[in-house]
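Input: a single structure, listed below in structure tokens.
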Amino acid sequence: MSKPLTVALINDTSIYSKHFGCQLVGQTFREQFRRVGLDLKISLPKEFDYKDYAAELSKVDLLVVNGEGSIHHNANFHLLELAEKHPSVLVNCVYEQNDANPYLEAFKYVSARESKSAAEIGGQGVECAVIPDVIFASSFLNSYRPVVKAQGVVVTDSYYKQYTQRYFMKRSDKALLFAKKHSPASFIEALLKYEGVVAGRFHAAVACSVLGIPFSTWESNTWKTQGMMNDMGMGHLNSDSRKGAEAILPKTFDPRIQKFALDAKSKIFTLFDTLQDIASQQR
């Protein structure tokens, strides 16, 4: 009987971040690995000493590098260097304003979460698929249903640290929701209480897309949110400010978003089928 195919997950953000989205990303990777029969042998955070793990990484069939929101403005290129040392794939990533990087060509497969990042990678001569964020396929997230009697509007926090609770209390009359203070379950349940969400967090927008909650978005530290909204055909619901996003919040949920979410889920399942195929080719 042959041994199961094995993988390592690199930049497992669920290890070092309590943000509900990062926790869901980690859960979804594990769920999909199990579905396609990939045995997760080791999971590492963004920062680690390669020398301490080189031997262990050399024993797995494939390294799966979760780009997520990490690779932009020439940051975290050490994640890309792994492709020259081990069979690797780069998935679920943003890729923004990076200098030319020779390590990209060494990956067996590359996918980005939105078209803007895929275009930059493609501009370096590397084929890049567009596969939306993995939590679109989260069985946990997809198990929730909209609440019939939801009321009011909630504003989430943002990457930008100046948007503190004190800041919001002075400038907005809306309810506030902080992503890092919630587990996936409590964050989702909190979202479902409201009939509209002004999302300053990328994964809050993804959650609303799956849950069927009307939402608008405002800019983050990268183009990830803008890129996803453009891919949805909802670029008009993205603003460069919290105040602007409040002003454009729709009253109803656009069915095109539901279609995008369903298509995204299907693409993610296909992605992990592809990863299984690539891992098997390394034997």
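Since every read-out is calculated from the coordinates, none of them should be taken as a lab result. Owing to the predicted nature of the structure, the values given are computational and were not obtained by experimental measurement. In this analysis, Cβ positions are derived from the backbone assuming ideal geometry, glycine residues included, and neighbour counts consider all displayed protein chains.
For Ile213, the amide hydrogen comes within under 5 Å of no other amide hydrogen, counting only partners 5 or more places away or on other chains and with H modelled in the peptide plane.
Expressed as a whole percent, the proportion of Cα-Cα pairs in the chain lying more than 24 Å apart is 49%.
Taking amide hydrogens as placed 1.01 Å from N in the peptide plane, the amide H of Asp39 sits under 5 Å from those of Leu5, Thr6, Val7, each at least 5 positions away in sequence or on another chain. Cβ-to-Cβ counts within 10 Å put Trp218, Trp223 in ascending order as Trp223, Trp218, the fewest first.
Charge tally around Tyr109: other residues with Cβ under 14 Å, Lys/Arg +1 each, Asp/Glu -1 each, net -3. Using a ≥ b ≥ c from the Cα gyration tensor of region 139-261 (square roots of the eigenvalues), is it rounded, prolate or oblate, where a/c under 1.5 gives rounded and otherwise the larger of a/b and b/c decides, a/b for prolate? Rounded is the answer for region 139-261, as its axis ratio a/c remains below 1.5.
The helix-based estimate of mean residue ellipticity at 222 nm for the chain, built from -39,500 (n - 2.57) per DSSP H run of four or more residues and divided by its residue count, is -11500 deg cm²/dmol to the nearest 500.
For the pairs Lys59/Lys116; Lys18/Lys265; Lys46/Lys174; Lys181/Lys224, flag any whose C-alpha to C-alpha distance is greater than 31 Å. From Lys59/Lys116; Lys18/Lys265; Lys46/Lys174; Lys181/Lys224, over 31 Å: Lys59/Lys116; Lys46/Lys174. Simple point charges give the picture: +1 on the Cβ of Lys and Arg, -1 on the Cβ of Asp and Glu, and for region 139-261 a dipole about the Cα centre of about 320 debye.
According to the square roots a ≥ b ≥ c of the eigenvalues of the Cα gyration tensor, what is the shape class of region 33-152, taking rounded for a/c under 1.5, prolate for a/b larger than b/c otherwise, and oblate for the remainder? Verdict is oblate for region 33-152.
Restricting the calculation to Cα atoms, region 1-86 shows an Rg/Rh of 0.97 when the hydrodynamic-style radius is the Kirkwood one. Only Lys, Arg, Asp and Glu carry charge here, each on its Cβ (+1 for the first two, -1 for the last two); on that basis the chain has a dipole of about 1100 debye about its Cα centre. When peptides 132-140, 253-261, 196-204 are ranked by their average number of other Cβ atoms within 10 Å per residue, the highest-first order is 196-204, 132-140, 253-261.
Our note on the geometry: Cα centres of region 249-283 and region 86-135, 16 Å apart. So what's the net charge close to Phe215: Lys and Arg +1, Asp and Glu -1, counting the other residues with Cβ under 12 Å from its Cβ? Within the 12 Å Cβ shell, the charges total -1. Farthest towards the positive end of the charge dipole of the chain, among the residues Ala261, Ala207, Ile15, is the Cα of Ala207, using unit charges on the Cβ of Lys, Arg, Asp and Glu.
Sites listed here are GluC sites (Glu not before Pro) in region 1-78 whose DSSP assignment is loop and whose Cβ has at most 13 other Cβ atoms within 10 Å: Glu47. Here Ser117, Ser2, Ser43, Ser158 are placed in order of increasing Cβ neighbour count within 10 Å, fewest first, which gives Ser2, Ser43, Ser158, Ser117. Near Gly196, the amide H atoms lying under 5 Å from its own belong to Val154; only residues 5 or more places off or on other chains count, and H is placed 1.01 Å from N.
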